[in-house]
Amino acid sequence: MSRRAIGRGRSEAGFTLLEALVAIGLVASAGVVATTAAVAMLRLERAAHAEAAGLAAASEKLEELVGALPADRRSGNDDTVLDGVPVTRVWRVLDDQPAQGLTRLEVTSRWDRPQLTLLTLVAAVPGRSTP
Amino acid sequence: MSGRGGPCGRDVARGIGLGQGGFTVLELLLGALLATLVVAAGVELLRVQVAVARRLQASLAATGGAGWALAVAARDAQVAGSDPRRTGVVALSAAGGERAVLESDRDGDGAVDAASEERVILAWSPSASGRFVRWLGSQSMSIASLVRAGGLRLRYFDAAGTELVPGAGELPAADRDRVRRLALELDVTEQAGVVAAQARLRAAAALRLRLEER
């Protein structure tokens, strides 16, 4: 009887294995949540940065086409790196679109990281690339 | 065998009493150690979170700031040379590697008022650790800060896409008249606390008013 009493006393003074596991689980969960949030934020930041670079690259090429002589406008593609982001650009020059005497210019930029993204800018300028 | 007043009974009662009423020094020390470890882990986690947030803040601010400044400057260049009265407004009255003066007749009075927004100056300024400054007449505003020396680069291209290099000074008037496109490169550093982030973006602007000359 006295041994049982001592046993109860010890049991009440400490933690059970279940209690310890629950406590560790809670602390670990908080760590996992915080880490996941940080990783998600970094990913979003990378996506925003890549989008800014992709947009700037497309806009740059579009202005280049707008500023060129009509006869010098040709469809094409190239690769460029802007602020560390590799961007592939594809552009098309379409005469008489959207109306006679106008030229439709389309520039699509594509980047792969952190995710594959395509962005297209369109403009119409006077003139034709072919007589 | 173990009566209430016996030595064995007193020991048991004392043992139970101690167990229920408080902790031993060893238990307290162990508890304090564990609590310290948990708090230290929490603080470290918070510290990492703050560092990540600061880095993100600086990086986004640098990219966003550079993009915005380039968009503003490119728009100024696109509409330069507006001349509704055909009085011969010069789109670029000065064109250097770090400074460009853009003019236009916005109110259609046939003249360029240098003290108004009809004259826009885009230039790098060495003040406050380097800034990209935009003057509208006599008013100036920093549109990007922490731009190191050489962090703003203006380049000029003619209709054939050939670069017109200003050299050490500025483009001569004959070359300025040939400019059809302005290219801008901007290198911005942003700081959030002790964390710094850099963004280097490019932009281009075709001078719209010169398209009609073709």
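Below is a table of values for the structure above.
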| quantity | calculated |
| --- | --- |
| Helix A:17-67 axis, angle to chain A major axis (alpha carbon atoms, nearest 10°) | 10 |
| Inter-label distance for B:R85 and B:F23, nm, one decimal - labels placed 7 Å from Cα along Cα-to-Cβ | 8.7 |
| Overall Cα dimensions of the protein assembly as shown - principal axes, largest extent first, Å | 122, 44, 34 |
| Relative contact order for chain B, counting Cα pairs under 8 Å that sit 6 or more residues apart, in percent | 20 |
| Nearest 10 degrees, 0 to 90: helix B:25-78 Cα axis against chain B principal axis | 10 |
| Cα gyration tensor, the range A:86-131 - rounded (a/c under 1.5), prolate or oblate | prolate |
| Carbon and sulfur %, accessible surface of the range B:77-214 computed with the full protein complex present, 1.4 Å | 48 |
| Backbone N within the range B:81-112 under 12 Å of label point (7 Å from B:W135 Cα along the Cβ vector) | B:94, B:99-102 |
| Area accessible to solvent at B:W135, 1.4 Å probe radius, in Å² | 80 |
| Estimated vicinal HN-Hα couplings, Hz - the range B:154-169 in sequence order (Karplus 6.51, -1.76, 1.60; Gly, Pro = x) | 10, 10, 10, 9, 8, 5, 7, x, 7, 6, 9, 8, x, x, 6, x |
| On Cα atoms only, tilt of B:7-21 relative to the major axis of chain B in degrees | 20 |
| Relative contact order of chain A, defined on C-alpha pairs under 8 angstrom at six or more residues apart (%) | 21 |
| In order through the range A:73-83: 3J(HN,Hα) via Karplus (6.51 cos²θ - 1.76 cosθ + 1.60), integer Hz, x for Gly, Pro | 7, 9, 5, x, 7, 7, 10, 9, 10, 10, 6 |
| Coordinate range along principal axes, alpha carbons of chain B, Å, largest first | 122, 33, 31 |
| Peptide B:36-46, shielding by other chains (average Cβ, 10 Å cutoff) | 2 |
| Shielding score for A:36-48, defined as the mean number of other chain Cβ atoms within 10 Å | 3 |
| Listed residues A:S129, B:S145 arranged by accessible area, highest first, probe 1.4 Å | B:S145, A:S129 |
| Nearest-10 value in Å² for the accessible area of B:L152, using the 1.4 Å probe | 0 |
| Calculated FRET value between A:Q100 and B:A41, using beta carbons and R₀ = 41 Å, to 0.05 | 0.05 |
| Estimated 222 nm signal from helices in the protein assembly as shown, with DSSP H stretches of n ≥ 4 weighted -39500 (n - 2.57), rounded to 500 | -14500 deg cm²/dmol |
| Buried accessible area, chains A and B (both chains, 1.4 Å probe, Å² to nearest 100) | 2600 |
| Shielding score for A:59-72, defined as the mean number of other chain Cβ atoms within 10 Å | 6 |
| Cα gyration tensor, chain A - rounded (a/c under 1.5), prolate or oblate | prolate |
| Area of A:I24 that stays accessible when all protein chains are in place (1.4 Å probe, Å², to 10) | 110 |
| Accessible-area ranking of B:R200, B:R180, largest first, probe 1.4 Å | B:R200, B:R180 |
| Alpha carbon convex hull of the range B:143-214, volume per residue in cubic angstrom | 104 |
| Cβ-based net charge around B:V194, under 14 Å, with every Lys or Arg adding one and every Asp or Glu removing one | +2 |
| Portion, in percent, of the accessible area of the range A:75-131 that falls on carbon or sulfur, probe 1.4 Å | 52 |
| Global geometry of the range B:94-209, whether rounded, prolate or oblate, following the gyration tensor of its Cα atoms and the 1.5 cut on a/c | oblate |
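The values are calculated or read from the model by the stated rules, or taken from the named source; none is laboratory data. Just so it is clear, the model here is predicted, and its values are computed rather than measured. Don't worry about glycine lacking a Cβ; one is built from the backbone with ideal geometry, like all the others, and counts go over all protein chains shown. Heavy atoms of the whole protein, side chains included, go into the accessibility calculation; ligands, DNA and RNA do not. Shrake-Rupley method; radii C 1.70, N 1.55, O 1.52, S 1.80 Å.
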